[in-house]
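The values are calculated or read from the model by the stated rules, or taken from the named source; none is laboratory data. On a predicted model such as this, the values are computed, not experimentally measured, just so you know. Every residue, glycine among them, receives a Cβ derived from its backbone with ideal geometry; neighbour counts consider all protein chains shown. Just so you know, the surface numbers come from the protein's heavy atoms only, side chains and all, with ligands and any DNA or RNA stripped out. Shrake-Rupley method; radii C 1.70, N 1.55, O 1.52, S 1.80 Å.
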Amino acid sequence: MLSPIYLDDFIKKHNITSSASSSSSNPVSVPKTQIAYGYVEGEPTIQKFTNYPVPTPKSNEVLLKIEAAGLCMSDPHVLIKGPIVSLNEPPAKKFVMGHEIAGSIASVGDGLKDDPRYQIGSRYALSISVACGTCDTCRTGRDSVCYGNTSAYGLNRDGGFQQYLLIDNLRSLLPIPEGVSYADAAVASDSVLTPYHAIQKIRHLLQPTAKVLVVCLGGLGMNGVQVLKNYGCKIVASDVKAELGPIALASGAHEFYTDVFESDHAQESFDVVMDFVGIQPTSDVCQRFVKLQGKYLTVGLGRSKLFLQNYELARREIDVIFSFGGNSQEQIDCMKWVAAGKIKPLTTIAKLSEVPYYLDQLVQGKVQGRIVFEPNSEENIKAKL
């Protein structure tokens with residue numbers, strides 16, 4: 001078992017980005033076309049779009065200058081399985097990918113020019129779900145599972161792997177708090193929000209005597225550890241990658257193992273188990289270690305199907321809890337947690353032209369934390385993306 005170290009020291013030692021940035025209120029010169037990366041039906045790899053049009057916002061629309069867009073394991077899933085299902089329209093055949101998005105307002109339609117909320121340079125993150133705001137789920141605060149509109153940025157409609165994105169649903173815009181960088185705001189929309197939302201389902205159980213097993217420490221799991229540490233429970237983290245141990249301990253885990261079966265923890269001994277990858281081997285670990293009447297949260301979407309041991313889980317009266325994304329208020333809360341220093345997402349900044357490379361690295365399991373692209377950085381623009 002590894003010894004804990006301070007997360008701030010780890011970030012400095014390894015030159016990991018976790019800082020705030022400011023925006024400029026100067027007028028933005030908007031090009032007519034741009035470079036983008038996205039999905040094309042029938043193509044197995046992400047495609048580069050040259051001369052992709054930059055839209056002009058209509059009356060109540062805004063044009064968002066993309067300052068940061070995160071890379072997620074859902075991106076290769078889109079390329080393999082296609083866009084997520086939309087109940088409102090047929091499957092998209094082509095769209096720009098990237099669903100972890102933060103940016104600044106570049107221009108607004110005539111109907112918003114006098115609205116102080118949408119001034120040039122105002123900083124916003126996007127909720128992934130383009131929710132209607134009027135259906136029963138939206139009105140009860142569950143807009144991430146909106147029944148009125150199932151569009152989602154970067155998953156079945158244009159997203160953040162481009163320089164500019166048209167926003168025609170203003171409720172998607174969530175103000176970025178002071179002290180939160182664009183990169184952190186972008187990954188807070190999924191990489192932080194998803195574990196945060198899942199943990200809210202069982203937070204009433206989290207106390208100093210509660211024991212929680214976190215399985216897989218990718219972009220979701222490591223942030224999950226940081227969220228859990230604020231609830232005072234005992235956190236045991238597990239991942240096959242030994243190099244993630246120091247980061248896990250620095251993030252708040254009390255113990256780390258590459259194989260929890262080799263630890264001193266007995267099977268059926270954890271109050272809560274959380275699977276942040278969602279494949280059969282990790283599911284099997286969780287099913288073995290969750291205690292009598294414990295909670296098994298499956299959060300990662302690594303496989304479309306999992307085998308659950310019906311008799312064993314029934315005998316122990318296990319609650320199996322599925323979780324997906326999170327709502328817009330929780331996303332705002334996540335950014336506030338980042339602003340307060342409660343969560344420090346581990347991000348690596350990259351050029352937009354490196355989307356295909358890092359997508360391949362992600363699939364091969366060679367990425368730590370989150371890769372965040374900056375489409376409008378000076379370096380990207382000089383290199384013509």
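Annotations for the structure displayed:
- The length gained on full extension between N88 and K58, counted as 0.36 nm times the residue separation minus their Cα-Cα distance, comes to 8.6 nm.
- If you run the Gaussian network model on the chain, springs between alpha carbon atoms under 10 Å, then out of F322, F256, F270 the most flexible one is F322.
- With a 1.4 Å probe rolled over the protein heavy atoms of all chains, the accessible area of I321, I247, I349 falls in the order I349, I321, I247, largest first.
- For the chain, with +1 on Lys and Arg beta carbons and -1 on Asp and Glu, the positive-most of A106, V273, L213 along the dipole: A106
- Average accessible surface area per residue within the chain, 1.4 Å rolling probe, Å²: 45
- Net charge of Cβ neighbours under 13 Å - reference E178; Lys, Arg +1; Asp, Glu -1: +1
- Dipole-positive endmost among Y52, I84, M97 within segment 43-105 (Cβ charges, Cα centre): Y52
- Candidates A198, S181, Q162 compared by Cα position along the dipole of segment 145-207: farthest toward the positive end lies A198, with charges placed on Cβ.
- 0 to 90° range, to nearest 10: angle between helix 219-228 axis and the chain longest Cα axis: 60
- Net length available on complete extension from N51 to L292 is 80.9 nm, with 0.36 nm assigned per residue and the Cα-Cα distance removed.
- F49 accessible area, assembled protein chains, probe 1.4 Å, Å²: 10
- Each residue, K351 and T140, gets one label point 7 Å from its Cα in the Cβ direction; the gap between the two is 5.0 nm.
- Spin-label model, L170/K32: points 7 Å from Cα along the beta carbon direction are separated by 3.0 nm.
- In plain terms, the chain is cut at each of the GluC sites (Glu not before Pro) found in a DSSP loop with at most 16 other Cβ atoms within 10 Å, and the longest leftover piece is 42-177.
- Candidates per trypsin sites (Lys or Arg not before Pro) in segment 72-178, loop by DSSP, up to 14 other Cβ within 10 Å: K93, K113
- Net charge dipole, the chain: roughly 200 debye, given to the nearest 20, about the Cα centre with Cβ charges of +1 for Lys and Arg and -1 for Asp and Glu.
- The apolar share of the surface of the chain, taken as the fraction of accessible area on carbon and sulfur atoms (1.4 Å probe, ligands and nucleic acids excluded), comes to 51 percent.
- DSSP bridge analysis restricted to the chain gives an antiparallel fraction near 55%, rounded to the nearest 5.
- Distance from segment 217-273 to segment 306-334 (C-alpha centre basis), Å: 18
- Charged-residue dipole, Cβ positions (Lys, Arg, Asp, Glu), segment 148-295 about Cα centre, Debye nearest 20: 460
- Estimated 222 nm signal from helices in the chain, with DSSP H stretches of n ≥ 4 weighted -39500 (n - 2.57), rounded to 500: -6500 deg cm²/dmol
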